[in-house]
1. Examine the stretch 41-50 for a residue that is more than 22 Å from Gly164 (Cα to Cα), surrounded by 16 or more Cβ atoms within 10 Å (Cβ to Cβ) and at pLDDT 95 or above, and state whether such a residue exists.
2. Working only within the stretch 131-170, note down all residues that are assigned to a helix (DSSP H, G or I), more than 15 Å from Ile47 (Cβ to Cβ) and among the hydroxyl-bearing types (Ser, Thr, Tyr).
3. Just one of Val102, Val119, Val75 is within 22 Å of Glu27 (Cα to Cα), in a strand (DSSP E or B) and touching a residue at least 12 places away in the same chain (Cβ under 8 Å); which is it?
4. Starting from the stretch 161-179, keep only residues that are within 13 Å of Leu58 (Cβ to Cβ), then list their pairs with residues that are among the basic types (Lys, Arg) and outside any loop (DSSP other than H, G, I, E, B) whose Cβ atoms are within a distance under 6 Å, requiring at least 6 positions of separation or different chains.
5. Which members of the stretch 57-70 meet the condition of being surrounded by 12 or more Cβ atoms within 10 Å (Cβ to Cβ) and either free of Cβ contacts under 8 Å to residues at least 12 places away in the same chain or on the phi > 0 side of the Ramachandran plot (or both)?
6. Any idea which of Tyr80, Tyr126 is surrounded by 16 or more Cβ atoms within 10 Å (Cβ to Cβ) and assigned to a loop (DSSP other than H, G, I, E, B)?
7. In the stretch 142-165, is there at least one residue being in contact with a Ser or Thr (Cβ under 6 Å, 6 or more places away or on another chain), under 16 Å from Asp51 (Cβ atoms) and either among the aliphatic types (A, V, I, L, M) or surrounded by fewer than 17 Cβ atoms within 10 Å (Cβ to Cβ) (or both)?
8. Given the options Lys33, Lys28, name the one that is assigned to a loop (DSSP other than H, G, I, E, B), closer than 26 Å to Ile152 by Cβ, charged (D, E, K, R) and in contact with a strand residue (DSSP E or B) (Cβ under 9 Å, 6 or more places away or on another chain).
Amino acid sequence: MKNSNLSSLLLVLAMLFSFFSCRTIPEKAVAVKPFDKEMYLGKWYEIARFDFKFEKDLNNTTATYSLNDNGTIKVNNQGYDTIKKEWKQAIGKAKFVGDDDVAMLKVSFFGPFYSGYNVIAIDDDYKYALIAGGSLKYLWILSRDTEIPESIKTKYLKIAEDVGYNTSNLLWISHDRHE
């Protein structure tokens, strides 16, 4: 009887771990719907982000999205390493978690390992976007230009704070170099 209870407990714990480890969007965030993936493709400048291991010491960061033959989205991230004084590049892929008219995706740069990538705000012309990762550790503000209007910045910071992000931790990116 004790083995049966232990097995049941382990199964429940495994299911809970699976549920929370697979979460692709923060609890209070809502992905944009309807979303037009064709309009989203192209080059975006990173305006602000929460700093993390894979973008550490990078400035002049951009992300370029294009469609792969198999329907996934090619992700080409680039940035200038301010310590090593060289350009870095990472190529990955993104795919929709569900329907492709909902801006909830998962992205991978390392084989089978995916992270949440969720557009939680975007303007009608697809010039400015607010991106939430799978948790409150990841946040980006993107623009088609190297700057954003103050009104968009204020609006996106408010949305992020309402989700639960501490926006004082944002790193504001400069775009003063060209590859």
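The values are calculated or read from the model by the stated rules, or taken from the named source; none is laboratory data. Remember, predicted model here, so these are calculated numbers, not experimental data. Because the Cβ atoms are built from the backbone with ideal geometry, glycine has one as well, and the counts that use them run over all protein chains shown.
1. Within the stretch 41-50, the subset more than 22 Å from Gly164 (Cα to Cα) is 41-45.
Right, trim to surrounded by 16 or more Cβ atoms within 10 Å (Cβ to Cβ) and you get 44-45.
Applying the additional criterion that residues be at pLDDT 95 or above yields 44-45.
Taking every residue of the stretch 41-50 in turn, at least one turns out to be more than 22 Å from Gly164 (Cα to Cα), surrounded by 16 or more Cβ atoms within 10 Å (Cβ to Cβ) and at pLDDT 95 or above.
2. Hit for the stretch 131-170 is Ser168, nothing else.
3. Numbers: Val102 fails: in a strand (DSSP E or B); Val75 fails: within 22 Å of Glu27 (Cα to Cα).
Result: Val119 is the single residue among Val102, Val119, Val75 that is within 22 Å of Glu27 (Cα to Cα), in a strand (DSSP E or B) and touching a residue at least 12 places away in the same chain (Cβ under 8 Å).
4. From the stretch 161-179, the pairs are Leu171/Arg49.
5. Residues satisfying the conditions are Asp57, Asn60.
6. On the way: Tyr80 fails: assigned to a loop (DSSP other than H, G, I, E, B).
One residue alone meets the criteria, Tyr126.
7. Pass one, the stretch 142-165, residues in contact with a Ser or Thr (Cβ under 6 Å, 6 or more places away or on another chain): 157, 160-161.
Now narrow it down to the ones that are under 16 Å from Asp51 (Cβ atoms): 160.
Now drop any that are not either among the aliphatic types (A, V, I, L, M) or surrounded by fewer than 17 Cβ atoms within 10 Å (Cβ to Cβ) (or both), which leaves 160.
Within the stretch 142-165, one or more residues are in contact with a Ser or Thr (Cβ under 6 Å, 6 or more places away or on another chain), under 16 Å from Asp51 (Cβ atoms) and either among the aliphatic types (A, V, I, L, M) or surrounded by fewer than 17 Cβ atoms within 10 Å (Cβ to Cβ) (or both).
8. Values: Lys28 fails: in contact with a strand residue (DSSP E or B) (Cβ under 9 Å, 6 or more places away or on another chain).
The unique qualifying residue is Lys33.
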